[in-house]
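Chemist: Sharing a structure here in structure tokens format.
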Amino acid sequence: MTPLPRYPWASDTLSQEDYDSINDAFNALATIPSVSSAQITPTPSSSSISIQVTFQQRDLSSSTPSSLTKKKYSQTFTALRRDGVELLPSSLPIELSASIPLSSVSPSGKYITQARIVAVDAKTGASKSLWIDFLQRTTLVTSSINVTTFHDDFYTDSFFGAPSGLSWSHDDDTIVYVAQRKPSQDPPTFKYAHAPDWGEAYTGKRTPVIVVANRVSARVTVIDPPGMSPGQPILVGSTIVFHGLVETVPLNGALYCFNRPGGIYKCNLDGTGIVCISQVDKELKLKGARSPRLLPDGDTVVFLSNPVDNATHNSCATLVQTKLDGSRLRVLVPPVISPASTAAFPGLYVDTLLPDPILTVTAGEGVRHFVILVTPWRSTKRVVWVDVQSGEMGKVEPPNGAGKESWTVLDVDKDAMVLLKSEPNSVGELFLVIAQGLTPGNAPLFSFGSLIQAPPHPLLSGFSYSIFTSQASPTVESIILHPPPASSPSTLPSLRKRAKPPLVVVPHGGPNSVFQTEWALNTALLAALGFCVVLVNYTGSIGFGQESIDSLVSHIGSLDVADVHSVALHLTSGHHPNVVVDPALVFLYGGSHGGFITGHLIAMQPEFYRGAVLRNPVANVGLLAQISDIPDWGFECAGIPYDFATPPVMTPQHYAAFWVKSPIAGVKKVQTPTLFMLGETDRRVPNPDGLAFHNHLRARGKPSYLCTFPGTGHPLDSVEAEKFGCEAMLTFFVSNIGAAR
């Protein structure tokens, strides 16, 4: 038993038994393996399908908090096509090495390429080196290319990195990938010269370049397009197609921001002949484009586009197709302004397309191709298909239909897909889905076969969830996690004698983001331990149509705040038929823009909320507009136009407009106990913002506490921050259940 730590916020309500329950529950749920990716790999026989699945699991064995980590394992599943799908015994899981961040199987299945990092050897003095390896599957012949002199570290993210990390040519001879630009060595770059980066998640990473490596000749070519940062390159014969993000001054944060100017380009393998193919049709005004993918005809690409002139970072996307010469530009799926009903398609909200999103369905002598995407659909996540010929679309779902759970697609290969079903009380179930033919209306027909399912867990089977749509506004919707009975063994000891559970109100970040009915460790932990949790999708959330997103602009700090509080009022009023909570025990838990809403609520409703946890919150919009990697967001809050080419200089009038939108403007009204959690490397909402709010509260004698987590940024997603952040949140809530106000 670990002794109860001396928390600054602890009260007599918090017991050793509570602390033990919190620790045990976190350790049990955090170590459940979860699927992080899957790839259908080629096999010699058309009657079999091989699926390589990557699992992720937190390793909590280290006694040093900073050494807690996540491990990855790979496991191969094989299925036979026989009157459906027959699953064969799987291979044993193999732990993946962190020294191989990228790997990819060639189109024929004969070769595997991998990016390999050889770390500094302290004993021999050997410096770090970077390699590209080619392995031949049948003969185990290996060839390697030392690429250390050509570029710095590999880009492994989904925004800049190549599809699948390393993209092959169709003849198995060439790969293309993305890496960090190497500083000039002739003459050497002055070591103190500033090197700009793309903000949050890219701190210290040099801007990207495209790298072409030939397996046969071992020739390496670096392509550095002027004035742009390239990403997601694919090989089409002797042509490279990629997206290019315009390098403005400053470089505005790219993560989760799809209103950045850029386009789809093509060039030759040596980097010559760079041409933009997404802006040929001037009427469409596609100033922002990303994620190019090749159609089976070898001459057409599809890509995503979001408006650059839109004030919001995320918006309803357009799916576009074009010929490689930029001709015949055609919109496949346009934005949806306002869905016709709560059941109607709300539009596409897609970060990036799959490495190969094309599903091929054969029916008789005909063949049709469909783009497969995953998108928020109100408070759920759905997989959809789009016919590239007709533009018709529909949902990929089991024969009995999809319920309130969420679905995502992990890979597509010819007529097969790997789908993951997830719920707030279930890590998920993995399915192999086969397109069996077409309906008379040319819609694909699917068969579903279960590959692997997470076993039932007693902590998760005790709570349920539902979706609640506001009667006042159909674009305000919440996911409610209903806790187990107070008598349940999983309920915290301090809550077992209470007639009604506490309520934790959770607004999401963004603001143009969304909660979906899928697995999340922190909220599952709250519900399993006896808290009722409501995840609020307020006006401006994605997945409800573009009109809802636009309606929040200029009303940030008022409309979103009112929506969240209205949900809390409804659930504590006793009017909801399936929710009974203690109206005197209502807590807030919000991060980023959710922390911004939380900060406003504790100022506007000083007696309503019992306690509030704020994770990297926005407190002072004017300060954020000066120090964040997304300065345009501050101007968006106030409805002030932001020009990426010539950013506005802050004026007293601007700051006055920002101040009235800021939670810190109401700091004198706050009575609610607060706990701040800050990531020390946060670039999106840097520490001075939340720290100032905390200090002002303390200076006024208010109960406010602060935790800072080293080595982690805005999401607070290191294992150390997850473990001790959940521990701090839960012990803070429990301590304030019985604390005097």
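Chemist: Run down 348, 359 and say which single residue is within 27 Å of residue 257 (Cα to Cα), buried (at least 23 other Cβ atoms within 10 Å of the Cβ) and of a type in the set (A, V, I, L, M). So that I can check it myself, show each step before the final result.
Modeler: Working: 359 fails: within 27 Å of residue 257 (Cα to Cα).
Of 348, 359, the one residue that is within 27 Å of residue 257 (Cα to Cα), buried (at least 23 other Cβ atoms within 10 Å of the Cβ) and of a type in the set (A, V, I, L, M) is 348.
Chemist: Would you confirm whether or not the range 666-679 contains a residue that is modelled with pLDDT of 95 or more, open to solvent by 30 Å² or more (accessible area, probe 1.4 Å), more than 14 Å from residue 612 (Cα to Cα) and not small (Gly, Ala, Ser)? Walk me through it before giving the result.
Modeler: Our first condition is that a residue be modelled with pLDDT of 95 or more; within the range 666-679, this holds for 666-679.
Within this subset, residues satisfying the condition of being open to solvent by 30 Å² or more (accessible area, probe 1.4 Å) are 668-669, 671.
Retained after the next criterion (residues that are more than 14 Å from residue 612 (Cα to Cα)): 668-669.
With not small (Gly, Ala, Ser) added as a condition, the list becomes 668-669.
Yes: the range 666-679 contains one or more residues that are modelled with pLDDT of 95 or more, open to solvent by 30 Å² or more (accessible area, probe 1.4 Å), more than 14 Å from residue 612 (Cα to Cα) and not small (Gly, Ala, Ser).
Chemist: Still on this model: If you check residue 220 against the conditions, is it surrounded by fewer than 23 Cβ atoms within 10 Å (Cβ to Cβ) and touching a Leu at 6+ places or on another chain (Cβ under 6 Å)? Steps first, answer last, please.
Modeler: Details: surrounded by fewer than 23 Cβ atoms within 10 Å (Cβ to Cβ): yes; touching a Leu at 6+ places or on another chain (Cβ under 6 Å): no.
Criteria not met by residue 220.
Chemist: Would you confirm whether any residue within the range 162-184 is surrounded by fewer than 19 Cβ atoms within 10 Å (Cβ to Cβ) and at pLDDT below 90?
Modeler: Yes: the range 162-184 contains one or more residues that are surrounded by fewer than 19 Cβ atoms within 10 Å (Cβ to Cβ) and at pLDDT below 90.
Chemist: If only one of 730, 691 is open to solvent by less than 10 Å² (accessible area, probe 1.4 Å) and either of a type in the set (A, V, I, L, M, F, W, C) or over 30 Å from the mean Cα position of the chain (by Cα) (or both), which one is it? So that I can check it myself, show each step before the final result.
Modeler: Values: 691 fails: open to solvent by less than 10 Å² (accessible area, probe 1.4 Å).
730 is the lone residue from the list that is open to solvent by less than 10 Å² (accessible area, probe 1.4 Å) and either of a type in the set (A, V, I, L, M, F, W, C) or over 30 Å from the mean Cα position of the chain (by Cα) (or both).
Chemist: Answer yes if at least one residue in the range 137-145 is within 28 Å of the chain's Cα centre (by Cα), at pLDDT 95 or above and of a type outside the set (Lys, Arg), and no otherwise. Before the answer, list the steps.
Modeler: First, the residues of the range 137-145 that are within 28 Å of the chain's Cα centre (by Cα): none.
No, the conditions are met nowhere in the range 137-145.
Chemist: Enumerate the pairs (first residue in the range 722-733 and farther than 14 Å from residue 60 by Cα; second residue anywhere and at pLDDT below 95 and open to solvent by less than 10 Å² (accessible area, probe 1.4 Å)) with beta-carbon separation below 6 Å, excluding pairs fewer than 6 apart on the same chain, so at least 6 apart or on different chains.
Modeler: The qualifying pairs do not exist here.
Chemist: On to the next question. Check the range 242-252 and report whether any residue there is within 25 Å of residue 104 (Cβ to Cβ) and of a type in the set (Val, Ile, Thr). Walk me through how you get there before you give the answer.
Modeler: Initial filter on the range 242-252 (within 25 Å of residue 104 (Cβ to Cβ)): 242-245.
Still in the running and of a type in the set (Val, Ile, Thr): none.
No: zero hits.
Chemist: Same structure, new question: Considering only the range 164-176, I want to know if a residue exists there that is closer than 27 Å to residue 351 by Cα and among the aromatic types (Phe, Trp, Tyr).
Modeler: Yes; the residues of the range 164-176 include at least one that is closer than 27 Å to residue 351 by Cα and among the aromatic types (Phe, Trp, Tyr).
Chemist: Which number in (1) over 22 Å from the mean Cα position of the chain (by Cα); (2) within 27 Å of residue 510 (Cα to Cα) marks the one condition that residue 330 misses?
Modeler: Residue 330 satisfies every listed condition except (2).
The rows are residues; the columns are (1) modelled with pLDDT under 95; (2) touching an Asp or Glu at 6+ places or on another chain (Cβ under 8 Å).
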residue	(1), (2)
254	no, no
284	yes, no
303	no, no
312	yes, yes
320	no, no
327	yes, no
336	no, no
352	no, no
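Chemist: Select from the range 474-516 the residues that are open to solvent by 30 Å² or more (accessible area, probe 1.4 Å) and of a type in the set (Ser, Thr, Tyr) and write down the one among them that is farthest from residue 407 (Cα to Cα).
Modeler: 487
Chemist: Out of all the residues in the range 382-395, which are open to solvent by 40 Å² or more (accessible area, probe 1.4 Å) and of a type outside the set (Ser, Thr, Tyr)?
Modeler: Looking only at the range 382-395, we keep the residues that are open to solvent by 40 Å² or more (accessible area, probe 1.4 Å), and these are 389-390, 392-393, 395.
Passing the criteria: 389, 392, 393, 395.
Chemist: Mind checking which helices (runs of 4 or more DSSP H) fall wholly inside the range 560-661 and carry at least 3 residues that are buried (at least 20 other Cβ atoms within 10 Å of the Cβ) and not β-branched (Val, Ile, Thr)? Talk me through it step by step, then tell me what you get.
Modeler: On the way: elements: 593-604, 621-627, 631-637, 652-659.
Filter on the range 560-661 gives 593-604, 621-627, 631-637.
Chemist: If I ask for residues that are in contact with a strand residue (DSSP E or B) (Cβ under 8 Å, 6 or more places away or on another chain) and open to solvent by 40 Å² or more (accessible area, probe 1.4 Å), which ones from the range 439-451 would you list?
Modeler: Keep residues of the range 439-451 that are in contact with a strand residue (DSSP E or B) (Cβ under 8 Å, 6 or more places away or on another chain), which gives 439, 442-451.
Listed by number, the residues that qualify are 439, 442, 445, 448, 450.
Chemist: Report those strands (runs of 3 or more DSSP E) wholly inside the range 25-98 carrying at least 3 residues which are at pLDDT below 85. Walk me through it before giving the result.
Modeler: On the way: elements: 34-41, 48-59, 69-81, 85-87.
Hits in the range 25-98: 85-87.
Chemist: With the condition kept exactly as written, say whether any residue in the range 458-468 is touching a helix residue (DSSP H, G or I) at 6+ places or on another chain (Cβ under 7 Å) and under 30 Å from residue 549 (Cα atoms).
Modeler: Applying the first criterion (touching a helix residue (DSSP H, G or I) at 6+ places or on another chain (Cβ under 7 Å)) to the range 458-468 yields 459-460, 462-463.
The next check asks that each one be under 30 Å from residue 549 (Cα atoms); those that pass are none.
No - not one qualifying residue is present in the range 458-468.
Chemist: Return yes when residue 286 is open to solvent by 10 Å² or more (accessible area, probe 1.4 Å) and over 23 Å from residue 198 (Cβ atoms) and no when it is not. Spell out how you get there, then give the answer.
Modeler: Working: open to solvent by 10 Å² or more (accessible area, probe 1.4 Å): yes; over 23 Å from residue 198 (Cβ atoms): no.
Considered against the rule, which asks whether it is open to solvent by 10 Å² or more (accessible area, probe 1.4 Å) and over 23 Å from residue 198 (Cβ atoms), residue 286 comes out as no.
Chemist: Go through the residues of the range 445-466 one by one and say whether even a single one is touching a residue at least 24 places away in the same chain (Cβ under 8 Å), of a type outside the set (A, V, I, L, M) and more than 27 Å from residue 379 (Cβ to Cβ).
Modeler: yes
Chemist: Kindly list the number of the only condition in (1) crowded, with 19+ Cβ neighbours inside 10 Å; (2) over 29 Å from residue 26 (Cβ atoms); (3) modelled with pLDDT of 95 or more that fails for residue 435.
Modeler: Just one mismatch for residue 435, condition (3).
Chemist: Turning to a different aspect of this structure: In the range 662-681, how many are under 28 Å from residue 197 (Cβ atoms), assigned to a loop (DSSP other than H, G, I, E, B) and in contact with a Pro (Cβ under 9 Å, 6 or more places away or on another chain)? Walk me through it before giving the result.
Modeler: Restricting attention to the range 662-681, the residues satisfying the condition of being under 28 Å from residue 197 (Cβ atoms) are 662, 676-681.
Cutting the leftovers down to assigned to a loop (DSSP other than H, G, I, E, B) gives us 662, 680-681.
Then drop every residue that is not in contact with a Pro (Cβ under 9 Å, 6 or more places away or on another chain), which leaves 680-681.
So the count comes out to 2.
Chemist: Restricting to the range 88-106, name every residue that is more than 25 Å from the chain's Cα centre (by Cα), open to solvent by 60 Å² or more (accessible area, probe 1.4 Å) and within 21 Å of residue 211 (Cα to Cα).
Modeler: Hits for the range 88-106: nothing passes.
Chemist: Now, a different point. When only residues in the range 56-71 that are of a type in the set (D, E, K, R) and in contact with a helix residue (DSSP H, G or I) (Cβ under 8 Å, 6 or more places away or on another chain) count, which is surrounded by the most Cβ atoms within 10 Å (Cβ to Cβ)? Can you show your working first?
Modeler: Here is the first cut: in the range 56-71, the ones of a type in the set (D, E, K, R) are 58-59, 70-71.
Narrowing further to those that are in contact with a helix residue (DSSP H, G or I) (Cβ under 8 Å, 6 or more places away or on another chain): 58-59, 70.
Values: 58: 21, 59: 13, 70: 16.
Restricting to residues being of a type in the set (D, E, K, R) and in contact with a helix residue (DSSP H, G or I) (Cβ under 8 Å, 6 or more places away or on another chain), the top hit is 58.
Chemist: Answer yes if at least one residue in the range 144-157 is touching a residue at least 24 places away in the same chain (Cβ under 8 Å), on the phi > 0 side of the Ramachandran plot and of a type in the set (Asp, Glu), and no otherwise.
Modeler: No: the range 144-157 contains no residue that is touching a residue at least 24 places away in the same chain (Cβ under 8 Å), on the phi > 0 side of the Ramachandran plot and of a type in the set (Asp, Glu).
Chemist: May I pose another question? Just to be sure before I move on: is residue 469 open to solvent by 20 Å² or more (accessible area, probe 1.4 Å), over 23 Å from residue 602 (Cα atoms) and at pLDDT 95 or above in the structure I sent? Before you say what the answer is, go through the steps one by one.
Modeler: Working: open to solvent by 20 Å² or more (accessible area, probe 1.4 Å): yes; over 23 Å from residue 602 (Cα atoms): yes; at pLDDT 95 or above: yes.
The answer is yes for residue 469.
Chemist: Could you list all residues from the range 9-53 that are within 30 Å of residue 611 (Cα to Cα), open to solvent by less than 10 Å² (accessible area, probe 1.4 Å) and either of a type in the set (D, E, K, R) or in contact with a strand residue (DSSP E or B) (Cβ under 8 Å, 6 or more places away or on another chain) (or both)?
Modeler: 18, 30, listed by residue number.
Chemist: Taking residue 337 as meeting all but one of (1) farther than 22 Å from residue 380 by Cα; (2) touching a residue at least 40 places away in the same chain (Cβ under 8 Å); (3) open to solvent by 30 Å² or more (accessible area, probe 1.4 Å); (4) not basic (Lys, Arg), write down the number of the exception.
Modeler: Among (1) farther than 22 Å from residue 380 by Cα; (2) touching a residue at least 40 places away in the same chain (Cβ under 8 Å); (3) open to solvent by 30 Å² or more (accessible area, probe 1.4 Å); (4) not basic (Lys, Arg), residue 337 violates only (1).
Chemist: Follow-up question, since we're still on this one. Being part of a loop (DSSP other than H, G, I, E, B), open to solvent by less than 40 Å² (accessible area, probe 1.4 Å) and free of Cβ contacts under 8 Å to residues at least 60 places away in the same chain is the filter here; which residues of the range 708-721 pass it? Outline the logic, then answer.
Modeler: Just the residues of the range 708-721 that are part of a loop (DSSP other than H, G, I, E, B), to begin with: 710-718.
Now restrict to residues that are open to solvent by less than 40 Å² (accessible area, probe 1.4 Å): 712-714, 716, 718.
The one that is part of a loop (DSSP other than H, G, I, E, B), open to solvent by less than 40 Å² (accessible area, probe 1.4 Å) and free of Cβ contacts under 8 Å to residues at least 60 places away in the same chain: 712.
Chemist: Ok, one more. Determine which single condition residue 259 fails, assuming it passes every other condition in (1) assigned to a strand (DSSP E or B); (2) in contact with a helix residue (DSSP H, G or I) (Cβ under 9 Å, 6 or more places away or on another chain).
Modeler: With respect to (1) assigned to a strand (DSSP E or B); (2) in contact with a helix residue (DSSP H, G or I) (Cβ under 9 Å, 6 or more places away or on another chain), residue 259 is out only on (1).
The values are calculated or read from the model by the stated rules, or taken from the named source; none is laboratory data. Bear in mind the structure is a predicted one, so any value in this text is a computation, not a measurement. With ideal geometry, Cβ positions are generated from the backbone for all residues, glycine too; neighbour counts draw on all protein chains shown. These accessible areas exclude ligands, DNA and RNA; they are computed on the full protein's heavy atoms, side chains included. Shrake-Rupley method; radii C 1.70, N 1.55, O 1.52, S 1.80 Å.
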